[in-house]
1. For the range 1-102, what does the alpha-carbon gyration tensor say about shape, rounded, prolate or oblate, given a ≥ b ≥ c as the root eigenvalues, a/c under 1.5 as rounded, and a/b over b/c as prolate?
2. With n ≥ 4 as the cut-off for DSSP H runs, can you work out [θ] at 222 nm for the chain, using -39500 (n - 2.57) per run divided by the number of residues, rounded to the nearest 500?
3. Sorted by average packing, counted as other Cβ atoms within 10 angstrom per residue and highest first, what order do 17-29, 88-100 take?
4. State the percentage of accessible surface on the chain attributable to carbon and sulfur atoms; use a 1.4 Å probe and exclude ligands, DNA and RNA.
5. Nearest 0.05, what FRET efficiency do T65 and D93 give at R0 = 25 Å with Cβ-Cβ as r?
6. If I take every Cα pair under 8 Å that is 6 or more residues apart in the range 7-115, average their sequence separation and divide by the length, what percent do I get for the relative contact order?
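The values are calculated or read from the model by the stated rules, or taken from the named source; none is laboratory data. The model shown is predicted, which means the values in this text are computed figures rather than measured ones. Note that each Cβ is placed from the backbone with ideal geometry, even for glycine, and that neighbours are counted across all protein chains shown. Areas reflect the complete protein model, heavy atoms only, side chains present, ligands, DNA and RNA absent. Shrake-Rupley method; radii C 1.70, N 1.55, O 1.52, S 1.80 Å.
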Amino acid sequence: GKSSRTISFEQFKEALQELSKKRFKEKSDEEAIQEIYKLIEGKAPIISGVTKAISSPTVSRLTDTSKFTGSHKERFDPSGKGKGRAGREDLVDASGYVSGYKHAGTYDHKVQGSK
């Protein structure tokens with residue numbers, strides 16, 4: 001369909017035939033398709049017009065997570081990788097245990113062991 005981001009090889013060949021008619025109007029259909037094949041022969045898809053990364057001192061200071069302070073500092077681990085949602089929100093532990101309790105989840109084991 002029109003919203004699909006991929007095409008089959010047959011659809012690709014049909015597209016080349018239509019493009020060849022538009023590109024080489026003065027040539028016959030067979031000659032035009034051969035000219036298109038010559039243009040794409042041995043080439044891979046390329047991405048043109050991609051924005052290049054800027055390496056200036058200002059940008060490097062803004063993107064260096066080791067210099068972040070306050071709540072922004074909490075959004076990254078020591079390697080500089082983002083923590084995602086855990087770094088943006090205070091996730092509440094609803095397990096019923098206080099934060100300092102080290103044996104959380106061992107109650108059933110202790111009860112079964114004493115029987």
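1. Prolate.
2. It lands at -12000 deg cm²/dmol.
3. Top to bottom by mean Cβ count within 10 Å: 17-29, 88-100.
4. 54
5. Efficiency, from the Cβ-Cβ distance: 0.45.
6. About 10 percent, as a whole number.
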